[in-house]
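This report refers to the structure that appears directly beneath it.
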Ligand code: PMP
């Protein structure tokens with residue numbers, strides 16, 4: 001039987017594997033596998049969500065207008081140059097569909113977020129992979145891979161799963177070295193967690209240039225991964241392209257109202273940030289104390305490297321943690337088979353994951 005054939009590239013896609021959410025056996029499960037917020041959503045966002053449910057028969061605002069106005073006010077950006085999406089994932093897909101197609105190339109870094117590669121293949125474009133240096137975006141390696149076919153460059157800053165970032169000056173050097181017709185996507189999903197003084201979110205560059213988009217999400221520090229809400233800031237030209245191809249009601253009412261309430265609850269965000277930093281530092285020291293190599297992370301997760309010693313490998317640690325009800329993220333599909341990504345959780349979750357990791361490392 002002749003089967004309907006998908007477009008070129010689609011069958012080359014390795015289906016995205018989300019962080020596991022369940023394991024069989026243990027009654028209590030500690031889920032630290034998807035870089036979700038340690039303290040959950042703002043109670044004000046939860047109340048807004050609940051209050052919105054009675055309006056479920058109504059279509060939401062198609063332009064997310066109120067939310068865009070609030071985002072513009074909060075970040076001093078022109079709301080007309082903001083686009084909202086069902087997670088920043090949707091916006092990554094829109095940039096891809098808007099600017100790349102069959103025969104084009106896009107560039108992402110070796111351990112860059114998985115969806116760049118998947119969306120590239122979904123439109124028939126070729127993902128070109130730029131190696132990293134010390135698990136960090138290497139601007140020169142990206143620039144060296146630009147060809148006349150390059151259409152988009154994706155840089156997660158900080159990157160998931162490595163947790164590393166490049167300073168604002170490096171992002172600007174990258175932009176300056178790219179042709180003007182190449183879109184630079186600054187995927188700043190973890191920007192709110194960064195404290196490094198030389199870090200610069202993509203907003204300024206997106207404001208100054210016609211060809212750069214900065215993406216943000218409510219899934220990370222705002223704790224709203226489930227409602228699917230992300231947004232982007234770019235030139236009128238880029239926004240105009242994305243507006244033409246997005247679904248008319250791509251952001252649900254619950255997402256819009258929860259986003260508005262979360263944005264207004266600065267205390268909750270500050271609490272989440274302080275909590276995450278505190279435990280990131282504690283966990284870093286503890287993991288290093290156990291003899292693991294761990295780099296500094298600028299996101300809400302850590303990426304320890306495990307030795308290739310039988311009994312102590314990342315795969316064995318993952319199995320041990322699962323037996324004890326702790327789910328973290330294997331990152332083999334990111335080309336990092338000797339590493340595990342651990343999201344920072346709440347106090348109790350952190351005590352459990354660190355004690356379980358210690359039990360694994362100390363077992364003979
Ligand atoms: N970019 C990066 C770097 C991410 O880690 C993630 C989430 N894992 C996303 C984008 C997508 O986030 P969302 O669609 O939930 O906004």
Checking the conditions here, which among 297, 333 is closer than 26 Å to residue 134 by Cα, part of a helix (DSSP H, G or I) and under 19 Å from the mean Cα position of the chain (by Cα)? 333
Output for the stretch 235-248, where each listed residue is more than 16 Å from the ligand (Cβ to nearest atom) and in a loop (DSSP other than H, G, I, E, B): 235, 248
Of the conditions (1) away from the ligand (no atom under 16 Å from the Cβ); (2) surrounded by 12 or more Cβ atoms within 10 Å (Cβ to Cβ), residue 27 satisfies every one except a single condition; which number is it? (2)
Could you say which residue among 177, 230, 202 is in contact with a strand residue (DSSP E or B) (Cβ under 7 Å, 6 or more places away or on another chain) and free of Cβ contacts under 8 Å to residues at least 60 places away in the same chain? 202
Restricting attention to the stretch 79-102, which residues are away from the ligand (no atom under 16 Å from the Cβ) and either within 16 Å of residue 218 (Cα to Cα) or without any contact (Cβ under 8 Å) to a residue 40 or more places away in the chain (or both)? 79, 101
Hey, among the residues in the stretch 249-260 that are in a helix (DSSP H, G or I) and within 12 Å of the ligand (Cβ to nearest atom), which one's nearest to residue 81 (Cα to Cα)? 259
Out of the stretch 263-277, which residues are more than 16 Å from residue 48 (Cβ to Cβ), over 20 Å from the mean Cα position of the chain (by Cα) and surrounded by 19 or more Cβ atoms within 10 Å (Cβ to Cβ)? none
I'd like to check something: does the stretch 282-293 contain any residue that is over 17 Å from residue 360 (Cα atoms), outside the structural domain of residue 198 (by TED's automatic domain parsing) and outside any loop (DSSP other than H, G, I, E, B)? yes
Being more than 10 Å from the ligand (Cβ to nearest atom) and closer than 20 Å to residue 296 by Cβ narrows it down to one of 210, 192, so name that one. 192
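The values are calculated or read from the model by the stated rules, or taken from the named source; none is laboratory data. Values in this document were obtained by computation on a predicted structure and should not be read as measured data. With ideal geometry, Cβ positions are generated from the backbone for all residues, glycine too; neighbour counts draw on all protein chains shown.
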